[in-house]
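A.B. asks: Structure provided below as structure tokens; questions to follow.
The values are calculated or read from the model by the stated rules, or taken from the named source; none is laboratory data. From a predicted model like this one, the values you see are computed outputs, not experimental measurements. We place every Cβ from the backbone using ideal geometry, glycine too, and count neighbours over all the protein chains shown.
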Amino acid sequence: MARSIDRYLRQLPGGNRQRMAGPTWAPAADVYRTREGWLVKVDLAGVRPEEIEITVAGRVVVVAGCRRDTTFSETVAYHQLEITYSRFEKTLRFPCPVEGARVETDYRDGLLTIRLRESKADCEDSGQPPAAGDHSTPND
């Protein structure tokens, strides 16, 4: 329901201005365990590369930023609104520390790829990667 209200408010004059506070959305992500470390893919269609922030700390990687509606005009009347334009944040928790890993990124066609390359000693008994939407607190 909050999304419906937000979409309605965006239709009002000046309603698409960036708000200082409000809910964020979480993009879809896939996490893979590889021989070299971890591979993360995040679906960020319509997000400009300069709007993306990646933070690695301990066992957590946070991808955050903002998708903006660059086609908005006060002379436009929306018929259908399904795409979320606002701040986003995706928190990914790993079974072992990833902070010391070498981070490589590639952003192409709306898909952000993050490679976390680690030494084998960094996460020997890591098991399976966490689910992409897992927001549980890791055990230390």
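A.B. asks: Going by the conditions given, is L92 crowded, with 18+ Cβ neighbours inside 10 Å, at pLDDT 85 or above and under 24 Å from P23 (Cα atoms)?
C.D. replies: Yes, satisfied.
A.B. asks: Only one residue in T70, T105 is hydroxyl-bearing (S, T, Y) and outside any strand (DSSP E or B), so which one is that?
C.D. replies: Sole residue among the options that is hydroxyl-bearing (S, T, Y) and outside any strand (DSSP E or B): T70.
A.B. asks: Show the residue pairs that are 6+ apart or on different chains and have beta-carbon atoms under 9 Å apart, the first residue being within the range 69-94 and under 15 Å from R48 (Cβ atoms), the second being hydrophobic (A, V, I, L, M, F, W, C) and at pLDDT below 85.
C.D. replies: Y85/F72
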